[in-house]
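Bear in mind that the values in this text are calculations on the coordinates, not laboratory data. Remember, it's a predicted structure, so these values are computed and weren't measured experimentally. Note that each Cβ is placed from the backbone with ideal geometry, even for glycine, and that neighbours are counted across all protein chains shown.
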Amino acid sequence: MVTTPAQQCPYAPGGDDEAAATHGGGPTLSFERATPYVEYAGVDTLLSLQNTRTDEPAETAFIVSTQVMELLFTLVQQRWEAARDALEADDVPGALAWLRRACHAQDVLNASWGLLSDMTPTEFNRFRPAFGEASGFQSYGYRELEFLLGNKSAAMIRPHKAMGGVVAELTRLLEGPSLYDAALRLLRRRGLPVPDDHVERDWTADYEPSAGVEHAWALVYGDDRPGNELFLLAEALLDVAERVTRWRHSHLVAVKRAMGAKPGSGGSNGLNWLARNAEQDVFPELWSLRNTM
Ligand code: HEM
């Protein structure tokens, strides 16, 4: 079957039958102003943002990949927050649906590393001095994700102190239960023996792994029938966790390839500091319980 571009386009469904008929079934070709597509998606603004500071072509890939990832951070955040809220509302099927969607966004996020996979140190060195002290470490979108995972640190808000809105948003996430905290609170409401200090605590503190929490998850894994929604929840959280670890490792490899073990532009010692972060298990008891299963 032959399809017209209008039929293939995701913006086409719900279009105007009458308008289509007047163009012989093809798309509208005449507009008085910028096309509705450009206005709706802000395409002109979007494409005006790739402000490279050198003539090195690899810098374009560096900026585009950074911007693509920042956009995807916002999508992942939206989906993790929706999953957390569903858990707090005792809606496990809702949480599972949002976690599945978050994983799809994380898959695209992780695939974005492909844009930088062929950058050589020589290319990187040609534009590195141009971005000065800029570092992904200063990404508040990424920090919001880390807080949502439970990796809390008030000190990590400090670099953003000149941006009031960012501080407010990071503080909101610092002071509330993380996605994992919400899962543990739900487990407890379902009768599992999650320790008291893991269902109510100072949410601003970094998450501390607990033998009691590991035991509660072990009980969940005791019934691995597909009808056990808590078991499905555990595995869905692990799907999220694994993708976060994959992102960190892909970043590590990209850094090693582009600049080896030299210090980072953000002031850290680079590879060693990143490797330590990459080693931290996300939702730790879901991993540690596998040591004894
Ligand atoms: C090959 C390209 C890249 C290199 C060489 C690189 C290098 C580094 C280094 C050395 C650090 C440690 C902090 C510092 O001292 O600067 C860092 C942190 C970070 N970078 Fe990159 N980076 C690259 C690409 C990206 C991209 C595309 C993103 C996407 C936004 C990104 C996001 C981050 C984040 C979020 C951190 C903080 C990680 C954490 O807190 O654990 N990086 N990067």
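Excluding Phe147 itself, what net charge comes from residues whose Cβ is under 13 Å from its Cβ, given Lys and Arg +1 and Asp and Glu -1?
-3
Using +1 on the beta carbon of Lys and Arg, -1 on that of Asp and Glu, and nothing else charged, what's the dipole of the range 58-291 about the Cα centre, debye to 20?
Charge dipole, the range 58-291, about its Cα centre: 760 debye, nearest 20.
Pick out which of Gly191, Gly165, Gly25 has the largest mean-square fluctuation in a Gaussian network model of the chain, springs linking Cα atoms closer than 10 Å.
Top of the fluctuation ranking is Gly25.
Go through the range 23-96 and name the GluC sites (Glu not before Pro) that are in a DSSP coil and have 11 or fewer other Cβ atoms within 10 Å of their Cβ. Don't jump to the answer; show the numbers that get you there.
Numbers: sites: Glu32, Glu39, Glu59, Glu70, Glu81, Glu88; in loops: Glu32.
Hits after loop and neighbour filter: Glu32.
Using DSSP loop states and a limit of at most 15 other Cβ atoms within 10 Å to flag trypsin sites (Lys or Arg not before Pro), what is the longest stretch of the chain containing no flagged site?
54-160
What three numbers, in Å, describe the spread of the alpha carbons of the chain along their principal axes, ordered from the longest?
65, 53, 39
Lysines near Lys152 by alpha-carbon distance under 23 Å, same-chain residues fewer than 8 away left out - which ones?
Lys161
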